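Structure record follows, encoded as structure tokens.
Derivation of every value follows stated rules applied to the coordinates shown; laboratory data play no part. Remember, predicted model here, so these are calculated numbers, not experimental data. Glycine also receives a Cβ, built like all others from the backbone with ideal geometry; neighbour counts cover every protein chain displayed.
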């Protein structure tokens, strides 16, 4: 998170006032993004982080949510995020790592990136979840206009 903030010209502040997992702020203290992440799968109604981000979305340029999902629950997670974010005035960047449950462990599969904005959503990218699985040549040369 710190590296992402730095690349965007901001700074990451963690556990700000106990209300959010992180806030990315510019040097003038304006908010680039509120960030929430959740270990539980977001299709589950007990996961409230997207609603929390929605309530804090106005001063931020965009909001960021990071979570995990099995492939079978991914469509429900996207549908729920789409429904919750439908009337938001600012975009939500939605990172979700798919996993396969093996005993008590999660084996991470893919990182899916979506943007929710103006009542719609768009899949931006799917890539291997673990950095050592990425074919860097392939992902560095993707056509950005797709």
Considering only C-alpha atoms, what is the centroid distance from segment 98-132 to segment 17-60, in Å?
18 Å
Identify which of 108, 65, 95 has the largest mean-square fluctuation in a Gaussian network model of the chain, with springs joining Cα atoms closer than 10 Å.
108
With a 10 Å cut-off between alpha carbons and a GNM built on the chain, which of 26, 62, 94 moves the most?
26
Label points 7 Å out from Cα along the Cβ direction at residue 51 and residue 37: separation in nm?
2.4 nm
Rounded to the nearest 5, the percent of DSSP beta bridges in segment 2-140 running antiparallel is 65 percent
